[in-house]
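Report on the following structure.
The values are calculated or read from the model by the stated rules, or taken from the named source; none is laboratory data. Because the structure is a prediction, the values reported are computed rather than measured. Here the Cβ positions follow ideal geometry from the backbone for every residue, glycine too, while neighbour counts run over all protein chains shown. Side chains included, ligands, DNA and RNA excluded: accessible areas come from the protein's heavy atoms. Shrake-Rupley method; radii C 1.70, N 1.55, O 1.52, S 1.80 Å.
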Amino acid sequence: MVAILLYLLGRCDRYCEPFAGGGSVGLSLRRRWRSPLCHFNDVDLAVHDFWLMLRDFAPDLHRRIRDVWREFDSFEEAIEFFKTMRPILRGPRLDHMERAVAFYICNRIGYSGITSQDCGTTGRSAPRRINDGLIDTLPYWSSVIQDFEISNRDYRLVVPARNTVLFFDPPYEDEDDRRDRRLYLNGWQRADILNLADYLIELDRRGNRWVTTLMTSSSTELLLIDKLRTASNAIRYGKLPVQHSIVHRAAEELLIWNFEA
């Protein structure tokens, strides 16, 4: 998917991800073209603190994550860490560095917040998600994001310059009943996705190029596309088949952009 998204986004002077999350697209874009001014934003305090600590305090972050990870004698202990940290991850008990360390480990233990019950953390998938080798790449990624702007705002408060290209990877539409087990707490409802459409329409009117991926119900998807296409003739969309290998299921992501490609 990243290759397709980079093709659509193209070379740009300014780039922004209002839902930074794991930042795979922004990191890949910066590695391909060194020139863009990049902005990672995420309303989730844990996501924000991870990127901020990675940018500004990478040696300390790297050491602390490595030390905590090496204290686990088994993946069962790692799962207990997940269960302990998840309820307090965004609260006042943790400082910025503690939150960044806990978030990274919890994120890598589970896939999109799904714990061992669903994705086999104690099985073969776990070493692929977190190990010493992956942890030791953190200083490199810090070097990639040294001049990134990093913010912690509602995406609707991100007001990009007119020549900024944006990529949106918002939360999935919330249709499951596993809220007590996942890392990311706030799944979206249909109204949230339609509010995103309003923001995308405003960006289109401002002349910003944007691309978004979404996973929604069929009914929400139809409403979203209809709303966007009513406002602009430039809207293009398609479906990308993706294989979520860790959760062992195929899926489709809706891909929408507002320019000729």
With +1 assigned to the C-beta of every Lys and Arg and -1 to the C-beta of every Asp and Glu, and no other charges, what is the dipole magnitude of region 1-106 about the Cα centre in debye, to the nearest 20? 580
Using only Cα atoms and rounding to the nearest 10 degrees, what angle (0 to 90) does helix 75-85 make with the longest principal axis of the chain? 60
For His48, the net charge from surrounding residues (Cβ-Cβ under 13 Å; K, R +1; D, E -1) works out to -3
Helix 45-56 versus the longest principal axis of the chain: what is the Cα-based angle in degrees, 0 to 90, to the nearest 10? 80
Under the 7 Å Cα-to-Cβ spin-label approximation, Leu240 and Asn163 lie apart by a distance in nanometres of 2.7
Mind checking region 1-82 for trypsin sites (Lys or Arg not before Pro) that DSSP puts in a loop (not H, G, I, E or B) and that have at most 14 other Cβ atoms within 10 Å? Arg11, Arg34
Would you compute, from DSSP H runs of 4+ residues alone, the mean residue ellipticity of the chain at 222 nm, taking -39500 (n - 2.57) per run and dividing by the full residue count, rounded to the nearest 500? -13500 deg cm²/dmol
Could you grab the relative contact order for region 1-53? Cα pairs under 8 Å, six or more apart, rounded to a whole percent. 38
Heavy atoms of Lys83: accessible area, 1.4 Å probe, square angstrom to 10: 120
Tell me, what is the Rg over Rh of the chain, with Rh the Kirkwood radius over Cα pairs? 0.96
Compute the longest continuous run of the chain that contains no exposed GluC sites (Glu not before Pro); treat a site as exposed when its DSSP state is not H, G, I, E or B and it has at most 13 other Cβ atoms within 10 Å. 1-174
How far apart, in nm, are two points set 7 Å out from the Cα along the Cα-to-Cβ line at Asp174 and at Asp67? 3.6
Subtract the Cα-Cα distance of Leu134 and Ser24 from 0.36 nm times their separation in residues, and report this length gain in nm to one decimal. 38.1 nm
Arrange the residues His39, His96 by how much accessible surface each exposes, largest first, with a 1.4 angstrom probe. His96, His39
How much of the calculated P(r) for region 31-116 lies past 20 Å, in percent of all Cα pairs? 38
Can you pull the one-decimal nm distance between simple spin-label points at Arg156 and Trp33, each 7 Å off the Cα toward Cβ? 3.0
Can you work out the Karplus-derived ³J(HN,Hα) for every residue in region 227-240? Use 6.51 cos²θ - 1.76 cosθ + 1.60 with θ = phi - 60°, whole Hz, and x for glycine or proline. 5, 5, 6, 5, 7, 8, 7, 7, 5, 10, 7, x, 10, 10
Paramagnetic reach from Glu149 (point 7 Å along Cα→Cβ, amide N under 19 Å) across region 202-228: 202-211
